[in-house]
Amino acid sequence: MAKEIRIEVDDETYEELQRLAADDHEEPDQYASRRLTADLARTRFLEGSARFISAPGMREEFARRFGPEPGPSATAA
């Protein structure tokens with residue numbers, strides 16, 4: 001079930017939000033909702049990854065499976 005939240009932003013922030021939304025052919029509220037959802041998903045992923053590799057023995061397991069160094073795609077965000 002979707003929930004509604006209301007936030008206040010300054011004029012400069014809202015203008016930027018409108019510009020970015022227009023670039024994606026969306027309404028500002030739809031754009032903000034999509035970005036917030038994506039940012040939260042990324043945060044959950046990064047936090048989960050950090051917990052995974054901090055568990056005993058998992059850093060070595062991660063390195064064994066994926067390599068000890070980040071690849072080129074690991075730095076592109």
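By accessible area, using a 1.4 Å probe on protein heavy atoms only, the stretch 1-58 has 54% of its surface on carbon and sulfur. Rank 31, 43, 2 by how far each Cα sits towards the positive end of the charge dipole of the chain (+1 on Lys, Arg Cβ; -1 on Asp, Glu Cβ) and give me just the farthest. About the Cα centre, the residue reaching furthest to the positive side is 43. Looking at the chain, which longest stretch skips every one of the trypsin sites (Lys or Arg not before Pro) that is in a DSSP loop with at most 14 other Cβ atoms within 10 Å, leaving the sites themselves out? Result for the longest clean stretch: 7-77. By the helix-only formula, in which each DSSP H run with n ≥ 4 contributes -39500 (n - 2.57) and the sum is divided by residues, the chain has a 222 nm mean residue ellipticity of -22000 deg cm²/dmol.
Of 20, 40, the order by accessible heavy-atom surface (1.4 Å probe, DNA, RNA and ligands excluded), from most exposed downward, is 40, 20.
Its alpha carbons considered, the chain gives a radius of gyration followed by a Dmax of 18.2, 50 Å.
Compare 39, 29 by solvent-accessible area with a 1.4 Å probe and give them largest first, with all protein chains kept in place.
Ranked list, largest accessible area first: 29, 39.
The values are calculated or read from the model by the stated rules, or taken from the named source; none is laboratory data. What you see is a predicted model; the values in this text were computed from it and never measured. Using ideal geometry, Cβ is built from the backbone for each residue, glycine included, and neighbour counts are taken over all protein chains shown. Surface areas here come from the heavy atoms of the whole protein model, side chains and all, with no ligands, DNA or RNA. Shrake-Rupley method; radii C 1.70, N 1.55, O 1.52, S 1.80 Å.
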